[in-house]
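Where a number appears in this text, it was derived from the coordinates with a stated rule and is not lab data. Owing to the predicted nature of the structure, the values given are computational and were not obtained by experimental measurement. Reconstructed Cβ throughout: ideal geometry from the backbone, glycine too, with neighbour counts over all protein chains shown.
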Amino acid sequence: MALVVHPNGLAYSRAAVLASKAVGGAVQRNRCKRILRARLAQYAAEIKPGFDILVVARKRLLVSTPSEVDQSFQKLLLRAGLSRKQTDDGTDHTGNGT
């Protein structure tokens, strides 16, 4: 998966999920979107306000385990600077050492 982030100047963040035909047929695309929307809901409290977020599904998501998806999603949030668990000095306090 990939993450595209842009500041929106609002007091809240907005998110969208994208799965192109490269991911597969309609069933596979919808499954990817359901998985990613669930992760967005799960990590909504961790996401800093004021950003537009686009989560792009990749074909590998279809064969990934839920724990792999969670790790990837959390890593993307940290790398993009969207996680509230990340401090100003760049260190994170997730407890998993990444």
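Within the range 52-85, track down each residue that is over 19 Å from Arg29 (Cβ atoms), surrounded by 14 or more Cβ atoms within 10 Å (Cβ to Cβ) and among the small types (Gly, Ala, Ser).
Across the range 52-85, the qualifying residues are Ala80, Ser83.
Across the range 48-72, what is the number of residues that are among the acidic types (Asp, Glu) and not in a strand (DSSP E or B)?
Adding up the residues that qualify gives 2.
For the range 59-83, what are the residues that are in contact (Cβ under 8 Å) with a residue 24 or more places away in the chain and either touching a strand residue (DSSP E or B) at 6+ places or on another chain (Cβ under 7 Å) or among the hydroxyl-bearing types (Ser, Thr, Tyr) (or both)?
Ser72, Leu76, Leu77, Ala80, Leu82, Ser83
Among (1) surrounded by 17 or more Cβ atoms within 10 Å (Cβ to Cβ); (2) in a helix (DSSP H, G or I), which single condition is Arg34 missing?
So the condition that Arg34 fails would be (1).
Please find, within the range 15-31, the residue that is farthest from Leu62 (Cα to Cα) out of those that are surrounded by 12 or more Cβ atoms within 10 Å (Cβ to Cβ) and over 12 Å from the mean Cα position of the chain (by Cα).
Ser20
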